[in-house]
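The structure under discussion appears below in the form of structure tokens.
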Protein chains: 2
Amino acid sequence: MEKYKDIGLKLTPQRLAILGYLEGNKEHPSAEDIYKAVSKKFPTMSFATVYNTLETLRERGEVLELTIDPNKKRFDPNTKFHHHLICLKCKKIIDIHSDYNLDISKSDRAGFEIVGNHIEFYGICQKCKKAHGS
Amino acid sequence: MEKYKDIGLKLTPQRLAILGYLEGNKEHPSAEDIYKAVSKKFPTMSFATVYNTLETLRERGEVLELTIDPNKKRFDPNTKFHHHLICLKCKKIIDIHSDYNLDISKSDRAGFEIVGNHIEFYGICQKCKKAHGS
DNA sequence: ACTCTTGACAAGAATAATTCTAATTTGATA
DNA sequence: TATCAAATTAGAATTATTCTTGTCAAGAGT
């Protein structure tokens, strides 16, 4: 948390609240999740602040913006390189830290300069499997 | 195209136009792209029809809904298993058909039943690289 | 040929997520 | 502590998508 002073971020109470909520969070929350949670302690919190803060954090590489969920963006404070496993029913997302060799052949590369990759695994989580076979 | 008769789809002119546009299309178009293109030949085409048709095609596994682009869904008529490479600048998407070994360890699996996976490669395409280094 | 049923279409309203605007306030620094 | 750029706020605006409602068309059975 201390580290944010160094990257030219003004440390406002709102930002500290958002950072505090994100720190160590494994839920991959959406902007709304964050807004709801932080609003409890901070009733004047605005949605704009949540989005603004997430955007500046993203620019600085402090959070990842996930596009796994078709309906909304979700955010990941875990900035170590990793992949994701998502439950197709409840949209729960968990981190996968295994290493995979994802070299891409010259012909596949199509002239692109490759700068990264990300694997999405799809599945059904234990809770949803139990809930009902369907 | 013939094959759609078999899957219980009523073949209306609108659907044929959409199917015709999608067939062999490598652009991974958005609903709007499809709407615009098909509207030219079909001025009364409605957005609802585009979305409805895409949804029924998706249900039947005839198109994939891609969540790679944070701003909108994009659709892929290539239903062979494959991965994608996206240009971070212009959002161009190209198909990658290489095979990767993406076994997931029991501990990573976290009790999920795995049903699929998808790799997103990120990069800068040739055109964008030339356009300006930035 | 007539009627029924069903599925598809169109237009626009409604919704949901996100971004923008403009006015105000605040944190960091001199 | 005065200053000022940056941050916050509320709400409007925008964008993508879904929903609603009325209409229409094709095929099934009479």
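What follows draws every value from the coordinates through simple rules; no lab data is involved. This structure is a prediction, so every number in the text was calculated from the model and none was measured. Neighbour counts are summed over all protein chains in view; Cβ atoms, including those assigned to glycine, are modelled from backbone coordinates with ideal geometry.
Any residue at all in segment A:50-58 that is under 11 Å from the mean Cα position of the chain (by Cα) and either within 14 Å of chain B (Cβ to nearest Cβ) or near DNA strand C (Cβ under 9 Å from one of its atoms) (or both)?
Yes, segment A:50-58 contains at least one residue that is under 11 Å from the mean Cα position of the chain (by Cα) and either within 14 Å of chain B (Cβ to nearest Cβ) or near DNA strand C (Cβ under 9 Å from one of its atoms) (or both).
Could you tell me whether any residue of segment A:21-34 is near DNA strand D (Cβ under 9 Å from one of its atoms), surrounded by fewer than 17 Cβ atoms within 10 Å (Cβ to Cβ), in a helix (DSSP H, G or I) and away from chain B (no Cβ under 14 Å)? Steps first, please.
As a first pass, look at segment A:21-34 and keep what is near DNA strand D (Cβ under 9 Å from one of its atoms): none.
The answer is no; no qualifying residue exists.
Which of the residues spanning segment A:108-134 are of a type in the set (Ser, Thr, Tyr) and surrounded by 12 or more Cβ atoms within 10 Å (Cβ to Cβ)?
A:Tyr122
Conditions first: (1) within 14 Å of another protein chain (Cβ to nearest Cβ); (2) within 13 Å of DNA strand D (Cβ to nearest atom); (3) touching a Phe, Trp or Tyr at 6+ places or on another chain (Cβ under 9 Å). A:Leu16 passes all but one, so which condition is the exception?
Exception for A:Leu16: condition (1).
Pick from segment B:64-96 the residues that are more than 15 Å from DNA strand C (Cβ to nearest atom) and β-branched (Val, Ile, Thr): which of them is farthest from the other protein chains (Cβ to nearest Cβ)?
B:Thr79
Just checking, does segment B:98-107 include any residue being crowded, with 18+ Cβ neighbours inside 10 Å and in contact (Cβ under 8 Å) with a residue 24 or more places away in the chain?
Within segment B:98-107, none of the residues are crowded, with 18+ Cβ neighbours inside 10 Å and in contact (Cβ under 8 Å) with a residue 24 or more places away in the chain.
Looking at B:Arg109, B:Arg60, which one is closer than 24 Å to A:Leu66 by Cβ and of a type outside the set (Asp, Glu)?
On the way: B:Arg60 fails: closer than 24 Å to A:Leu66 by Cβ.
Being closer than 24 Å to A:Leu66 by Cβ and of a type outside the set (Asp, Glu) holds for just one of B:Arg109, B:Arg60, which is B:Arg109.
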